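**Q** Sending over a structure as structure tokens; questions will come in a sec.
The values are calculated or read from the model by the stated rules, or taken from the named source; none is laboratory data. Keep in mind that this is a model prediction, so the values were computed, not measured. Every residue, glycine as well, gets a Cβ built from its backbone with ideal geometry; the counts of neighbours run over all protein chains shown.
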Amino acid sequence: MAIAGEFGLELTPEGRAALSMLDELEDIVVEVGYQADQMAIDGETSLAEIAYWNHYGTLHKDGSVMIPARPFMDALQKHPDELAEFSQQAASNLNTAETVASAIGAQASSMIQDAIRDEDWAPNAPITVEGGWMVNEYGKNGPVPVHIDGKGSTKPLIDTGTMRQQCGFRLMKGEK
């Protein structure tokens, strides 16, 4: 609002309210994705870890691909204009900084969820689809045999729906 005064402009009450909301929005950070306290179905692994492994991929010790990269979190970077347009509409149509930030967080989460569902990711490996025995070379005491329950689908990231359903957001105030 200071800039309006510098130019000798007198703002309407609506203009002051809009600028005040923008000032408040400046102090809100919207974190989108997975939080460390969100656990996978096994109750031991965080969804943030699983999301990381799937987004960036993982390698076997010999350097070959274990989990191919499926960069679903890049949905926001792939569609910045869509998110920017939504953000402008939210700022124009909603009354408080928190409701605007929440709307933006919900939209961003939805974009990631859509990417998980709709993108053409590298298919699941046969062992992932069919199940069976394999060696986990990263066992706590060295390589160990593990049994994999087959998912029955070549479509990655959607076996139980947890990854897609649990993508969310949180608002952090005053923490840029």
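**Q** Does the range 30-44 contain any residue that is touching a helix residue (DSSP H, G or I) at 6+ places or on another chain (Cβ under 8 Å), surrounded by fewer than 15 Cβ atoms within 10 Å (Cβ to Cβ) and without any contact (Cβ under 8 Å) to a residue 24 or more places away in the chain?
**A** Among the residues of the range 30-44, at least one is touching a helix residue (DSSP H, G or I) at 6+ places or on another chain (Cβ under 8 Å), surrounded by fewer than 15 Cβ atoms within 10 Å (Cβ to Cβ) and without any contact (Cβ under 8 Å) to a residue 24 or more places away in the chain, which makes the answer yes.
**Q** Say we look at the range 88-121 and pick out the residues that are among the hydroxyl-bearing types (S, T, Y), out of contact with any Phe, Trp or Tyr (no Cβ under 9 Å at 6 or more places or on another chain) and under 28 Å from R16 (Cα atoms); which of these is modelled with the highest pLDDT?
**A** Out of the qualifying residues, it is T99.
**Q** Filter the range 12-64 for residues that are closer than 24 Å to P156 by Cβ and basic (K, R) and give the result.
**A** Listed by number, the list holds a single entry, K61.
**Q** Please count how many residues of the range 131-155 are under 30 Å from A108 (Cβ atoms) and surrounded by fewer than 11 Cβ atoms within 10 Å (Cβ to Cβ).
**A** Number satisfying all stated conditions: 0.
**Q** Next question. Looking only at residues in the range 131-149 that are closer than 17 Å to M66 by Cβ and either in a loop (DSSP other than H, G, I, E, B) or among the charged types (D, E, K, R) (or both), which one is nearest to the chain's Cα centre (by Cα)?
**A** Y138
**Q** Among (1) free of Cβ contacts under 8 Å to residues at least 60 places away in the same chain; (2) more than 12 Å from the chain's Cα centre (by Cα); (3) in a helix (DSSP H, G or I), there is one condition L76 misses while meeting the rest; what is its number?
**A** It is condition (2) that L76 fails.
**Q** List pairs: first in the range 101-112 and within 10 Å of V30 (Cβ to Cβ), second among the polar types (S, T, N, Q), Cβ under 7 Å, 6+ apart or cross-chain?
**A** Correct list of pairs: I104/S87.
**Q** Condition first: exposed (fewer than 15 other Cβ atoms within 10 Å of the Cβ) and within 22 Å of M111 (Cβ to Cβ). Now tell me which residues in the range 156-176 satisfy that.
**A** Those that are exposed (fewer than 15 other Cβ atoms within 10 Å of the Cβ) and within 22 Å of M111 (Cβ to Cβ): T160, G161, Q165, R170, M172.
**Q** I've got another one for you. Condition test on G5, is it part of a helix (DSSP H, G or I), at pLDDT below 80 and over 34 Å from the mean Cα position of the chain (by Cα)?
**A** yes
**Q** Tally the residues that are surrounded by 15 or more Cβ atoms within 10 Å (Cβ to Cβ) and assigned to a strand (DSSP E or B), restricting the search to the range 10-29.
**A** 1
**Q** Of the residues that sit in the range 97-127 and are out of contact with any helix residue (DSSP H, G or I) (no Cβ under 7 Å at 6 or more places or on another chain) and outside any helix (DSSP H, G or I), which one is surrounded by the most Cβ atoms within 10 Å (Cβ to Cβ)?
**A** Step by step, filter the range 97-127, then rank; the result is N124.
**Q** So if I check each of A108, A101, A97, which one is within 24 Å of the chain's Cα centre (by Cα), closer than 30 Å to P123 by Cα and among the small types (G, A, S)?
**A** Exactly one of A108, A101, A97 is within 24 Å of the chain's Cα centre (by Cα), closer than 30 Å to P123 by Cα and among the small types (G, A, S), namely A108.
**Q** Tell me whether the range 51-72 contains one or more residues that are surrounded by 18 or more Cβ atoms within 10 Å (Cβ to Cβ), more than 24 Å from N136 (Cα to Cα) and modelled with pLDDT of 95 or more.
**A** yes
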